[in-house]
Amino acid sequence: MAGKVFFSVSMSLDGFIAPESLGDLMGQQWMELQQWIFPQRFFRENLKLGEGGEEGRDNDIVRETFERTGASVMGKRMFDAGAQMWPNEAPFHTPVFVVTHTKRDPWERPGGTTFHFVDDGIETALDQAREAAGDRDVRIAGGGATILQYMNAGLIDEFSIALSPVLFGSGIRLFNAVDASRVALEQVRSEPSSRVTHLTYAVHPR
């Protein structure tokens, strides 16, 4: 049986998942949004940031999200930003399908990550990701515009938000221009930790 299609993001209390400008990625505001994940042991090991780190429910969720993912899909904007920040051994360790308008040969990285560039739409990228993932899940990694495209196309089964106690004021909203007439949500789980609140929802057609 094919796995689920899901996304998992950190979000500010006022609904933003990233600064508007790529130049502000890794800036103070974004670092505050993501501060819950940096100390986690699994995250540190996966990015080879050194030994040690926190263990607990936050760490378990990071590990579970990684382990359920058999392939990822992302937009060109996220790929362009990430390619500058990810280590040489990119942190996915699975096939990644990049939705783009430009033909390009696959880009293989050490550690099992290969980026495939899909220039004929989100459905084709998802079909290829499903095939690569097998019975594991497909993660729509981002960014916000790509997640929104999949939401509005009715292609998301589930999503999780790490609701972080920070305010952005402006930036990229997760649900900006979502077609609410087509989307119904069912709360699956709510788990507070000392750093964030983890919220998980199933997505159904309205």
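The values are calculated or read from the model by the stated rules, or taken from the named source; none is laboratory data. Note that this is a predicted model, so its numbers are computed, not measured. Here the Cβ is made from the backbone with ideal geometry for all residues, glycine too, and neighbour counts use every protein chain on show. Surface areas here come from the heavy atoms of the whole protein model, side chains and all, with no ligands, DNA or RNA. Shrake-Rupley method; radii C 1.70, N 1.55, O 1.52, S 1.80 Å.
Within the range 55-93, the residues that satisfy the criterion of being in contact (Cβ under 8 Å) with a residue 12 or more places away in the chain, among the aliphatic types (A, V, I, L, M) and either within 15 Å of VAL9 (Cβ to Cβ) or surrounded by fewer than 17 Cβ atoms within 10 Å (Cβ to Cβ) (or both) are ILE61, VAL62, VAL73, MET74, MET78, ALA81, MET85. The residues of the range 1-34 that are open to solvent by 60 Å² or more (accessible area, probe 1.4 Å) and modelled with pLDDT of 95 or more, listed by number, are LYS4, LEU13. Per the conditions (1) open to solvent by less than 60 Å² (accessible area, probe 1.4 Å); (2) modelled with pLDDT under 95; (3) out of contact with any helix residue (DSSP H, G or I) (no Cβ under 7 Å at 6 or more places or on another chain), the sole criterion not satisfied by GLY121 is (2).
Only one of the listed residues (GLY121, GLY111, GLY52) is under 21 Å from SER8 (Cβ atoms) and among the small types (Gly, Ala, Ser). That residue is GLY111. Total residues in the range 159-177 satisfying the condition of being within 23 Å of ASP137 (Cα to Cα) and either open to solvent by 20 Å² or more (accessible area, probe 1.4 Å) or in a loop (DSSP other than H, G, I, E, B) (or both): the figure is 4.
For the range 114-132, which residues satisfy the criterion of being farther than 19 Å from VAL5 by Cα and either in contact with an Asp or Glu (Cβ under 7 Å, 6 or more places away or on another chain) or β-branched (Val, Ile, Thr) (or both)? Hit for the range 114-132 is THR114, nothing else.
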